[in-house]
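The values are calculated or read from the model by the stated rules, or taken from the named source; none is laboratory data. Because the structure is predicted, anything quoted here is derived from the model rather than measured. Positions of Cβ are backbone-derived with ideal geometry, glycine not excepted, and every protein chain shown enters the neighbour counts. Just so you know, the surface numbers come from the protein's heavy atoms only, side chains and all, with ligands and any DNA or RNA stripped out. Shrake-Rupley method; radii C 1.70, N 1.55, O 1.52, S 1.80 Å.
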Amino acid sequence: MDSKTSAQIPASSLNYLKILKENNNREWFNENKELYLKEYTGIENFAEALLQELRNHDVIETVSGKKGLHRIYRDTRFSKDKTPYKTNWSGGFKRATALRRGGYYFDIEPGNSFIAGGFWAPNTEDIKRIREDISFDPEPLRKIINSKTFIKTFGSLQGEQLKKAPKGFEVTDEAIDLLRYKQFLLIRKFTDAEVLSPSFLKEVDQTFKNMRPFLDYMSEVLTTDGNGERLPGLY
């Protein structure tokens, strides 16, 4: 059995999440800790195989699949939902160095699995730089998000948007539809059958590949000034 075959997500991984959702309490979880660890190992194998595939076409800072996985324990301190465990498997990979911006994310959940990437919470400086570049010339970004590959993979650019024009920009700006974005997300959903398919690892990796034109565009915007010169302190 090769590494890609062993990284196939087993049906038991989704079944475990369904059972956990029905028994989301510490007593059940602790009594069935061995079952959790068994399923976690399968997801860890998938994450590691995915990381190795990703490294074939990008430079990643995350050191291992295990390090990229998110904890199953929920932070309930500020949430009305006090259930202690997440009912999904998730993880992410960070691109290396300040010159490569954006990240990769996967979420495995019965009936709601998806692959995502982009910018979930850009800071004030980043969002300002992105908007200024888009307003100056929206065509590079439009070319990317209107490409056949982008539309086939992601449909359209996703993310929370302002209802009005952002501060410093006019509602009549030709790129106002893009300037309203507060988040810049690329999302592709998968059915349970697709998640359990032997080709899922390949499909996820190809999805990440299809994000690159967008991530490369954003990386250039966020690491250079208006003259195309690299910003101070970036290497």
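Data table
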| item | result |
| --- | --- |
| From the coordinates shown, semi-axes √(5λ) of the Cα gyration tensor in Å corresponds to which of (i) 54, 24, 19; (ii) 41, 18, 17; (iii) 35, 21, 17 | (iii) |
| Residue of I127, I115, I187 that the Gaussian network model of the chain assigns the largest fluctuation, springs spanning Cα pairs under 10 Å | I127 |
| Surface share of carbon and sulfur [accessible, 1.4 angstrom probe, percent] for the chain | 50 |
| Probe 1.4 Å, all protein chains present, accessible-area order of D75, D126, largest first | D75, D126 |
| Full-extension gain in nm, R230 to H57, via 0.36 nm per residue minus C-alpha separation | 60.0 nm |
| At R0 = 41 Å, FRET efficiency that the Cβ-Cβ distance of K182 and S12 yields, to 0.05 | 0.60 |
| Reachable aspartates and glutamates, given that their alpha-carbon falls under 18 Å from the alpha-carbon of K33 and they are not under 8 places away in the same chain | E22, E44 |
| Dipole of region 106-189 [Lys/Arg +1, Asp/Glu -1 at C-beta], most positive-end residue of T124, S113, Q158 | S113 |
| Residues of region 190-228 with amide N under 18 Å of a point placed 7 Å along Cα→Cβ from K67 | none |
| Entries in K94/K148; K21/K152; K67/K167; K143/K182; K66/K164; K167/K209 that, when Cα-Cα distance is taken, lie over 30 Å | K21/K152; K67/K167; K66/K164; K167/K209 |
| Calculated [θ] (222 nm, deg cm²/dmol) that DSSP helices of n ≥ 4 give over the chain, each run adding -39,500 (n - 2.57) | -12500 deg cm²/dmol |
| Extended-chain gain in nm, criterion 0.36 nm per residue less alpha-carbon gap, N123 and Y40 | 26.6 nm |
| Selection of trypsin sites (Lys or Arg not before Pro), region 146-235, meeting DSSP coil and at most 16 other Cβ within 10 Å | K163, K164, K167, K182 |
| Mean accessible surface per residue for the chain, computed with a 1.4 Å probe while every protein chain stays in place, in Å² | 57 |
| GluC sites (Glu not before Pro) lying in DSSP loop within region 1-99, provided at most 14 other Cβ fall within 10 Å | E61 |
